[in-house]
Amino acid sequence: MSIDQGALDALFNNARSHNKWTDREVSDETLRQLYDLVKFGPTSANSSPARFVFLRGKEAKDKLAPALSSGNLEKTLAAPVVAIVAYDPRFYDQLPRLFPHNPDAKSWFTSNEGLAATTAFRNATLQGAYLIIAARALGLDAGPMSGFDNAKVDEAFLSDRGWRSNFLVNLGYGDPAGLFDRSPRLAFDEACVLL
């Protein structure tokens, strides 16, 4: 089954990374719908290592501000929601529940710290990408970014849970006045090889 051209346009062809936002709020229900889509994206052994912290209020954003680069400060503080896309390095503790058909799956990671770290980061990154696509599917706009101090974000929001930050995504209803001209992309022959 394929989706129609309108859906492809909304998700990819016409979707843009936003830098300016309208003042329209994003409801709790929309954020719950967002996660309920994201959670079904595939991950290795259904590991689901991503964790999300949604910052909405002034106090939470002010707490984030010292971690932001100067180029990301204004647009992030103005966004209705800032999602911290994080990961749980101990994601494997959930495998007995998430991957029940292989009771030994947790040991794959407890016995190999490098594999656990790579799996957590790679799959949480995938889930962060699913977050962007799911947001667009729900009519939200997204502005994903690096340009922040991970250690400061971790200390302010994640260390008590043992999670680690990966990247940030501003979410809301974008103001088209803040869009740049779309940057070029590589052509198929530059980025792909058929063997």
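The values are calculated or read from the model by the stated rules, or taken from the named source; none is laboratory data. These numbers come from a predicted model, not from an experiment. As a convention, Cβ positions derive from the backbone with ideal geometry for all residues, glycine included, and neighbour counts pool all protein chains shown.
Below are the figures for this structure:
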item: Options A45, A135, A124: the member that is surrounded by fewer than 21 Cβ atoms within 10 Å (Cβ to Cβ) and part of a helix (DSSP H, G or I); result: A45
item: Positions within the stretch 140-175 being part of a loop (DSSP other than H, G, I, E, B), in contact (Cβ under 8 Å) with a residue 12 or more places away in the chain and not aliphatic (A, V, I, L, M), in sequence order; result: S146, G147, D149, R161, G162, W163, Y173, D175
item: Matching residues in the stretch 1-17 - criterion: being touching a residue at least 12 places away in the same chain (Cβ under 8 Å) and in a loop (DSSP other than H, G, I, E, B); result: A15, R16
item: Selection count where residues are under 12 Å from S48 (Cβ atoms) and among the small types (G, A, S), scope the stretch 89-107; result: 0
item: Filter pass, P80 being over 21 Å from G174 (Cα atoms) and of a type outside the set (A, V, I, L, M); result: no
item: Any hit, the stretch 82-96, residues being among the basic types (K, R) and within 15 Å of the chain's Cα centre (by Cα); result: no
item: Criterion: modelled with pLDDT of 95 or more, surrounded by fewer than 19 Cβ atoms within 10 Å (Cβ to Cβ) and in a loop (DSSP other than H, G, I, E, B) - qualifying residue of P96, P66, P100; result: P100
item: Residue among L195, L179, L158 that is surrounded by 10 or more Cβ atoms within 10 Å (Cβ to Cβ) and more than 22 Å from A65 (Cα to Cα); result: L179
item: Test: residue in the stretch 104-119 that is at pLDDT 95 or above, in contact with a strand residue (DSSP E or B) (Cβ under 9 Å, 6 or more places away or on another chain) and not in a loop (DSSP other than H, G, I, E, B); result: no
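The rows are residues; the columns are (1) out of contact with any Ser or Thr (no Cβ under 9 Å at 6 or more places or on another chain); (2) under 16 Å from V169 (Cα atoms).
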site: D28; (1), (2): yes, no
site: L31; (1), (2): yes, yes
site: Y35; (1), (2): yes, yes
site: F40; (1), (2): yes, no
site: T43; (1), (2): no, no
site: N46; (1), (2): yes, no
site: A50; (1), (2): no, yes
site: F54; (1), (2): yes, yes
site: E59; (1), (2): yes, no
